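Encoded as structure tokens, the structure appears first; notes follow it.
The values are calculated or read from the model by the stated rules, or taken from the named source; none is laboratory data. Not measured: the values here are computed from a predicted model. Here the Cβ positions follow ideal geometry from the backbone for every residue, glycine too, while neighbour counts run over all protein chains shown.
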Amino acid sequence: MLIEERIRIAVPPSLIEQIWSEVDRWHLWDPDTKQASLEGPFAVGSKGRITPRKGMGVPMLITERSEGRSFTVEGHIPLFRMHFEHTVAAVPGGSEVVHRLQFSGALAFLFGPGVAKQVREGLPHTMRSLKAYAEQRQASTAAAA
């Protein structure tokens, strides 16, 4: 099962990358995240924890990172994994951001449909919130300069 949302944001990819790397601030733009933390740098192999607004905290691991282009974080509970892939690409006027989610593991058939329903409902709002946050942050930086 694959869930995907994309949005155009009027900021450069470097700003999106910076926002993504500030894991402890994800709650500022992701309304479904109550808290997130990372033990170490924003790099492959770093572990952390993400706590959704609804539900229990889940361990996470950065499994892929291509600076300025993408990162993938994996959240897991026994026998169920969620793979969150984030990509950004330069487009005229700014960036195109894509967030994808896939499930794996022996219990994906059990947990996947419920999680998928929540993600399908929340992800469009999260993407609009990221857009507003990034564009406001760029405007604030420009005004301060």
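A few comments on the model shown:
- Filter result (in contact with a helix residue (DSSP H, G or I) (Cβ under 7 Å, 6 or more places away or on another chain) and within 15 Å of SER95 (Cβ to Cβ)) within the range 1-31: GLU5, ILE7, ILE9, ALA10, VAL11, LEU15, ILE16, ILE19, TRP29
- Tabulated pairs, the range 44-64, first touching a residue at least 24 places away in the same chain (Cβ under 8 Å) and closer than 18 Å to LEU28 by Cα, second among the small types (Gly, Ala, Ser) and part of a strand (DSSP E or B), C-beta under 9 angstrom, 6+ apart or interchain: GLY48/ALA36; GLY48/SER37; ILE50/ALA36; ILE50/SER37; ILE50/GLY75
Rundown of residues vs (1) surrounded by 15 or more Cβ atoms within 10 Å (Cβ to Cβ); (2) at pLDDT below 95; (3) on the phi > 0 side of the Ramachandran plot; (4) among the hydrophobic types (A, V, I, L, M, F, W, C), yes/no style:
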position: LEU2; (1), (2), (3), (4): no, yes, no, yes
position: ARG6; (1), (2), (3), (4): no, no, no, no
position: ILE9; (1), (2), (3), (4): yes, no, no, yes
position: PRO13; (1), (2), (3), (4): yes, no, no, no
position: SER21; (1), (2), (3), (4): yes, no, no, no
position: TRP26; (1), (2), (3), (4): yes, no, no, yes
position: TRP29; (1), (2), (3), (4): yes, no, no, yes
position: THR33; (1), (2), (3), (4): yes, yes, no, no
position: LEU38; (1), (2), (3), (4): yes, no, no, yes
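- Qualifying position, being closer than 19 Å to PHE103 by Cα and of a type outside the set (Phe, Trp, Tyr), among GLY68, GLY57: GLY57
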